[in-house]
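Q: Questions regarding the structure given below will be posed in turn.
The values are calculated or read from the model by the stated rules, or taken from the named source; none is laboratory data. Remember, it's a predicted structure, so these values are computed and weren't measured experimentally. Glycine gets a Cβ as well: all are built from the backbone with ideal geometry, and neighbour counts include every protein chain shown.
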Amino acid sequence: MHKTRYALISVYDKKGVTELATHLEIAGYTVIATGNTYKFLKSAGITKLKKIDEITGFPEILDGRVKTLHPAIFGGILSIRGNENHRDDLIRNDITPIDFVIVNLYPFKEMRDKDITFDEKLEFIDIGGVSLLRAAAKNFKDVTVVIDPSFYEDIILFLKNKQEIPVEVKKIYAYETFKLTAEYDGMIADFLNPDKNAGSAIDAAFYRSETGKGLNFNLKKSFNLRYGENPHQKAAFYGTGASSPFEKLSGKDISYNNLLDIDSTLGIIKDFYKNQTNGFFSAIIKHTNPCGAALSDISLKDAFLKARKTDEISSYGGIIGFNKKLDKETAAEIKPFFVEIIIAPEYSKEALKILESKKNTIIIRYNDDFMRLNNERLSFRSASGGILVQEKDDIPDITSNFKTVTNIEMPEPVLNDLIFAWKIAKHVKSNAIVYAKNGVTAGIGAGQMSRIDSAVFAREKMKNAYGEIKGFVMASDGFFPFKDSVEYAAEIGVNGIIQPGGSIRDDEVIEAANKLNIPMIFTNIRHFKH
């Protein structure tokens, strides 16, 4: 039907495109190219070359926003070669089929993260390129779609051997194309989400969807992990397209368990981020649970030592998190101990030098913006052949909704300790009990089958660390189903309790607290962590 064979090239990344165009030319193709690509190929010596407007008969307009969106282009791409009606339409409209579509997109992700205006970022949303790719991928049986310079080598090999591109290869390219355009659209959807109700395209899809609607996971592998929960399990991390909340500065490769612990550590630091300017905070995490945490108005080193004191045995091989720049004094204190991961917003040069000598310790610097914004509002977990999706439990507690339910005076130091302990309990696996005094955890009971067992276990931890002490507070992540926990609290010297409330026996629990002279707060919100 047409003696001329066309290959369309429109690329932002010009790497390798001259060699590909040269081999297309040798194979008998005329290259159609858009503005900057045309200039680049012409200067590189490609002679069988046409500007896009020579095909469309229409100039590029709107500062290049419209250049390929034309029937002469999309008819040439979408025509089914063996369809007589399509062939007649092409002849009648003098349209030549296009056999190759070689396109890579404006780098929206890179430009989104640059310090430029919103309107400038909008200009890096590719429209024509995405449309060309989708059209070519839909008609993959007749058109070869090429999205990345890494594919050029294979194409050139087929051209050199005067072979048609096998349909199986074209289908793989089409799959990669639709995966790319889905990710690209997801990034744009995230960018245009002004109220930050969702921090990724997946989040946005969830909030838009209704019962029964599908949820598409457009995830891209970021990196392989050292191993899964156990060394015999392979694992990898797939990102949502949102920018990473942290970067690794040194140390061994990250494992599956490392990432879970990093996530838990970032979560607890985030709840204390408001203390960035008026307090030092440190937490030590083990198996996603805090085994010690402390606030200090003296130094970061002081906060770390107090956090470690809570459970020195469990702190071995733990993850240490900080809310402020890690200084050399704190680094020197950490150095003698076996530490799996250290996490901080910044490191002094001296501190980094000290810690980098620990070759097996992973050093992480987290992004300040991540602490300020609710970047991701959903959490996901596989279960029984499907995916559980829920909103993250990361909303700030509104202390004005807390209610003192006993008739006993609440001294301010006790109130401050209760709020501190409550924040820590939120990050402990249920059933959770946390004892605290003077802004430091005194004992933590995690993941027991009954709440009273958690209370007893936390006391054992406290005795191991401090011996017999009095005047500490108790926080519980869930309500007390019976008064036994309050009676036990009085027995061991608790001077304040904070819990959600909501038990059918709340009246009995409150009555017991009043009798035992223990002030008690109901938060009216629960923080289970399964």
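A quick yes/no check of all residues on (1) among the small types (Gly, Ala, Ser); (2) assigned to a loop (DSSP other than H, G, I, E, B); (3) in contact (Cβ under 8 Å) with a residue 24 or more places away in the chain:
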residue: 342; (1), (2), (3): no, no, no
residue: 354; (1), (2), (3): no, no, yes
residue: 388; (1), (2), (3): no, no, no
residue: 393; (1), (2), (3): no, yes, yes
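Q: I need the full set of residues from segment 141-154 which are under 22 Å from residue 74 (Cβ atoms) and more than 33 Å from the chain's Cα centre (by Cα), in order please.
A: 141, 142, 143, 144, listed by residue number.
Q: Looking at segment 1-104, what strands (runs of 3 or more DSSP E) fall wholly within it and have at least 2 residues that are surrounded by 20 or more Cβ atoms within 10 Å (Cβ to Cβ) and free of Cβ contacts under 8 Å to residues at least 60 places away in the same chain?
A: Output list reads 29-33.
Rundown of residues vs (1) surrounded by 19 or more Cβ atoms within 10 Å (Cβ to Cβ); (2) among the hydrophobic types (A, V, I, L, M, F, W, C), yes/no style:
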site: 284; (1), (2): yes, yes
site: 300; (1), (2): yes, yes
site: 310; (1), (2): yes, no
site: 313; (1), (2): no, yes
site: 317; (1), (2): no, no
site: 321; (1), (2): yes, no
site: 341; (1), (2): yes, yes
site: 346; (1), (2): no, no
site: 372; (1), (2): no, no
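Q: Name the single residue that is surrounded by the fewest Cβ atoms within 10 Å (Cβ to Cβ) among those in segment 118-140 being over 25 Å from the mean Cα position of the chain (by Cα) and not in a helix (DSSP H, G or I).
A: Taking the candidates together, the pick is 127.
Q: Follow-up. Can you list the helices (runs of 4 or more DSSP H) found entirely within segment 242-340 that contain at least 3 residues being touching a helix residue (DSSP H, G or I) at 6+ places or on another chain (Cβ under 6 Å)?
A: 300-309, 328-334
Q: Is it the case, given these coordinates, that residue 407 is in the same structural domain as residue 465 (by TED's automatic domain parsing) and either farther than 26 Å from residue 443 by Cα or in contact with a His (Cβ under 7 Å, 6 or more places away or on another chain) (or both)?
A: Taking the combined requirement at face value, the residue satisfies it.
Q: Go through (1) at pLDDT 90 or above; (2) farther than 30 Å from residue 510 by Cβ; (3) in contact with a Gly (Cβ under 6 Å, 6 or more places away or on another chain) one by one and return the number of the condition residue 318 breaks.
A: The one condition residue 318 does not meet is (3).
Q: Can you tell me which of (1) at pLDDT below 95; (2) in the same structural domain as residue 408 (by TED's automatic domain parsing) is the one residue 527 doesn't meet?
A: (2)
Q: Could you please find all residues in segment 502-530 being part of a loop (DSSP other than H, G, I, E, B) and more than 33 Å from the chain's Cα centre (by Cα)?
A: 502, 503, 504, 505, 516, 517, 518, 519
Q: Additional query: Tally up the residues in segment 483-501 that are part of a helix (DSSP H, G or I) and touching a residue at least 24 places away in the same chain (Cβ under 8 Å), please.
A: The total comes to 8.
Q: Quick check: anything in segment 107-117 hydroxyl-bearing (Ser, Thr, Tyr), buried (at least 17 other Cβ atoms within 10 Å of the Cβ) and assigned by TED's automatic domain parsing to the domain that holds residue 167?
A: For segment 107-117, residues hydroxyl-bearing (Ser, Thr, Tyr), buried (at least 17 other Cβ atoms within 10 Å of the Cβ) and assigned by TED's automatic domain parsing to the domain that holds residue 167: absent.
Q: Return a yes/no flag: does segment 184-196 have any residue that is buried (at least 18 other Cβ atoms within 10 Å of the Cβ) and hydroxyl-bearing (Ser, Thr, Tyr).
A: There is at least one residue in segment 184-196 that is buried (at least 18 other Cβ atoms within 10 Å of the Cβ) and hydroxyl-bearing (Ser, Thr, Tyr).
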